1. Quick one: which residues, 5 or more positions from residue 169 or on another chain, have an amide H under 5 Å from its amide H? H modelled 1.01 Å from N in the peptide plane, none for Pro or chain starts.
2. Going from the alpha-carbon gyration tensor of the stretch 3-191, what semi-axes, largest first and in whole Å, does one get by taking the root of 5 times each eigenvalue?
3. Which order do peptides 128-138, 147-157, 59-69 fall in by mean Cβ count within 10 Å, highest first?
4. Taking amide hydrogens as modeled 1.01 Å from N in the peptide plane, which residues meet the under 5 Å criterion relative to residue 6, leaving out close sequence neighbours?
5. List the relative contact order of the chain as a percent without decimals, with contacts defined as Cα pairs under 8 Å and 6+ residues apart.
6. Within the stretch 3-191, what percent of beta bridges assigned by DSSP are antiparallel, to the nearest 5?
7. In nm, what is the difference between 0.36 nm times the number of residues separating residue 13 and residue 67 and their Cα-Cα distance?
Amino acid sequence: MRVEFVTSAPSLALRPERVLPEFAFVGRSNCGKSSLINHVLARKAMAKISGKPGKTRLLNYFLVEDTYYLVDLPGYGFARVGKDLREEWLRLMRAYLFAGDRPLAVLQLLDVRHRPTEEDRRMTAWLREAGVPFAIAVTKIDKLGKTKLPERFREIAATLELDPATPFLPTSAAGGLGRDEILAWFEAVLAAGGGAPGRANPGTGGTAGRPAR
Ligand SMILES: Nc1nc2c(ncn2[C@@H]2O[C@H](COP(=O)(O)OP(=O)(O)OP(=O)(O)O)[C@@H](O)[C@H]2O)c(=O)[nH]1
Ligand SMILES: [Mg+2]
């Protein structure tokens with residue numbers, strides 16, 4: 001897999017000039033976004049595994065196979081950063097998700113050990129509202145006993161009020177699980193237009209497409 005770090009954009013205006021389909025990884029701080037990106041890219045340290053949550057406010061772009069970008073977004077939900085910074089990130093994320101000027105699909109990550117929070121629910125609601133194709137990745141499944149997983153998956157799906165057609169992908173960066181499923185979802189999205197506004201959205205029930213303009 002050919003992978004290149006492209007840029008860390010502090011604002012929408014500074015996204016890469018070259019427009020390609022983007023797959024953004026979103027989720028709470030520490031839920032495992034950077035680890036899952038490294039797992040998907042089969043790289044040890046392409047995305048930085050953070051020791052200090054709350055430091056980055058940047059949109060980190062990785063170019064894959066010269067075809068699409070993976071975007072590591074700032075994590076939400078830190079208790080430790082100030083309210084102003086939290087709101088600034090949320091503004092940036094919302095602006096990014098609703099920009100509508102580039103093909104976009106989103107992988108929303110949830111740590112299997114925690115029940116979805118209000119912020120997780122809000123993120124899912126935004127994704128529905130934005131009309132972008134999205135999938136759910138449950139992370140760190142190595143951390144929970146196998147017999148407990150199905151119940152936790154049901155809980156997550158119910159709390160987020162997921163459509164049964166929304167792709168739901170159990171993953172573990174540590175255990176090497178979920179990579180093929182994520183790559184298959186990327187392929188499905190790319191085949192359907194890469195999440196371009198107005199195109200069909202595979203796996204989101206087919207009704208979430210933005211009107212063409
Ligand atoms: N056991 C286990 N630990 C994991 C897994 N994925 C990530 N972690 C650990 O969870 C912590 C957070 O991982 P990150 O990938 O930095 O999480 P992040 O969502 O990028 O965090 P922020 O960038 O702060 O928002 C690290 O200590 C990782 O080693 C996993 O699949 N299994
Ligand atoms: Mg990270």
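Each value in this text was obtained by applying a stated rule to the coordinates, not by laboratory testing. Keep in mind that what you see is a predicted model, and the values were worked out from it rather than measured. Note: ideal-geometry Cβ built from the backbone for every residue, glycine included; neighbour counts use all protein chains shown.
1. Residues meeting the amide H criterion: 136, 137, 138.
2. Each semi-axis is √(5λ); the values are 23, 19, 17 Å.
3. In descending order of packing, they fall as 128-138, 59-69, 147-157.
4. 61, 62, 63
5. 22 percent
6. 40 percent
7. Full extension of this stretch gives 17.3 nm more.
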